[in-house]
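Below: the structure, in structure tokens.
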């Protein structure tokens, strides 16, 4: 298949056909992120994308799931995305899922009517990196949006009938007491958005990022594993979710958790408390810090 540069997709989309609609990330300024540094953001030509779908049909035959890359495919005009969606569903008879990365800015730049049309044409899920619900942390990592804008974007996607998968990052505020504010405020922003799914990640400080330089200068310190678990416990404790899946299966994490909130809240908290109180690191798994 034809791809430009390194290709990334959510860890839960590992078996999906990845269709590159944009090159790079529309923001690409987050201090912790090392993805898309090899690319200059731009929209691909629609004819090129449609040709790739044709080539994918020849190569894969039929597919059931497609993920639209790169970092913010929703930044494309709605009319172009509708043509891509229609072509995908016409080409692959078994297709049941199309997902995409989406920034808060790209969501807010589209009207609700446009998002509803995308849903009607088969956009099933949007992946939004919230990262933190703490205003200070969002400014420090140069996320480019406020908590209020993030809430507005998340609610808008859900109002359009598109499933919302958000990610939050443990350790992003460093050690306590900042970590506690990050945990509490991130729980609160999830409460305000009520996403369909919450993916837990743990900060990975990678060479070549601004956060790495801060770490080298002693301006940022990554919490230890038990501190990360305490942060996660506080975050889950303060979550008041009506019906949201929550998972920490991402390889950056030192613990595997998966459940449905609110039914599984007590079980999640008990698991974390048992490990934290016992300080039993044997129950933790090695973090794959070279992956995203």
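The values are calculated or read from the model by the stated rules, or taken from the named source; none is laboratory data. The structure displayed is predicted, hence computed values, not measured ones. So basically every Cβ, Gly included, is an ideal-geometry build from the backbone, and we count neighbours across all protein chains shown.
Of the residues making up the stretch 262-283, at least one is over 18 Å from residue 168 (Cα atoms), in contact with a helix residue (DSSP H, G or I) (Cβ under 9 Å, 6 or more places away or on another chain) and assigned to a loop (DSSP other than H, G, I, E, B). Looking across the stretch 238-291, the residues that are within 20 Å of residue 180 (Cβ to Cβ) and surrounded by fewer than 12 Cβ atoms within 10 Å (Cβ to Cβ) come down to 277, 279. As for the stretch 231-244, it holds at least one residue that is over 17 Å from the mean Cα position of the chain (by Cα) and farther than 22 Å from residue 137 by Cβ.
The selection criterion, being in contact (Cβ under 8 Å) with a residue 12 or more places away in the chain, more than 14 Å from the chain's Cα centre (by Cα) and farther than 19 Å from residue 34 by Cβ, does not hold for residue 206.
One line per residue, one yes/no per condition, for (1) buried (at least 23 other Cβ atoms within 10 Å of the Cβ); (2) within 30 Å of residue 211 (Cβ to Cβ):
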| position | (1), (2) |
| --- | --- |
| 84 | yes, no |
| 89 | no, no |
| 117 | no, no |
| 121 | no, no |
| 126 | yes, yes |
| 130 | yes, yes |
| 133 | yes, yes |
| 139 | no, yes |
| 143 | yes, yes |
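Selection of helices (runs of 4 or more DSSP H) fully inside the stretch 101-169 by the criterion of at least 1 residues being closer than 19 Å to residue 25 by Cα and in contact with a strand residue (DSSP E or B) (Cβ under 8 Å, 6 or more places away or on another chain) returns 104-108, 135-140, 147-159. From the list 103, 80, the one residue that fits, being at negative phi and touching a residue at least 60 places away in the same chain (Cβ under 8 Å), is 103. Screening the stretch 89-101 for residues that are modelled with pLDDT of 95 or more and within 14 Å of the chain's Cα centre (by Cα) and picking the one that is nearest to residue 151 (Cα to Cα) gives 100.
Conditions tested, residue by residue: (1) surrounded by 19 or more Cβ atoms within 10 Å (Cβ to Cβ); (2) within 18 Å of the chain's Cα centre (by Cα); (3) free of Cβ contacts under 8 Å to residues at least 12 places away in the same chain.
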site: 11; (1), (2), (3): no, yes, no
site: 24; (1), (2), (3): yes, yes, no
site: 29; (1), (2), (3): no, yes, no
site: 33; (1), (2), (3): yes, yes, no
site: 36; (1), (2), (3): yes, yes, no
site: 42; (1), (2), (3): no, no, no
site: 45; (1), (2), (3): no, no, yes
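Number of residues in the stretch 157-188 that are over 28 Å from residue 120 (Cβ atoms) and either without any contact (Cβ under 8 Å) to a residue 40 or more places away in the chain or surrounded by fewer than 22 Cβ atoms within 10 Å (Cβ to Cβ) (or both) equals 11. Looking across the stretch 57-66, the residues that are in contact with a helix residue (DSSP H, G or I) (Cβ under 8 Å, 6 or more places away or on another chain) and surrounded by fewer than 23 Cβ atoms within 10 Å (Cβ to Cβ) come down to 57, 63, 65. The numbered conditions (1) in contact (Cβ under 8 Å) with a residue 24 or more places away in the chain; (2) part of a strand (DSSP E or B) are all true for residue 259 except (1).
Do we find that residue 20 is within 20 Å of residue 123 (Cβ to Cβ) and either touching a helix residue (DSSP H, G or I) at 6+ places or on another chain (Cβ under 8 Å) or touching a residue at least 60 places away in the same chain (Cβ under 8 Å) (or both) in this structure? Before you say what the answer is, go through the steps one by one.
On the way: within 20 Å of residue 123 (Cβ to Cβ): yes; either touching a helix residue (DSSP H, G or I) at 6+ places or on another chain (Cβ under 8 Å) or touching a residue at least 60 places away in the same chain (Cβ under 8 Å) (or both): yes.
Considered against the rule, which asks whether it is within 20 Å of residue 123 (Cβ to Cβ) and either touching a helix residue (DSSP H, G or I) at 6+ places or on another chain (Cβ under 8 Å) or touching a residue at least 60 places away in the same chain (Cβ under 8 Å) (or both), residue 20 comes out as yes.
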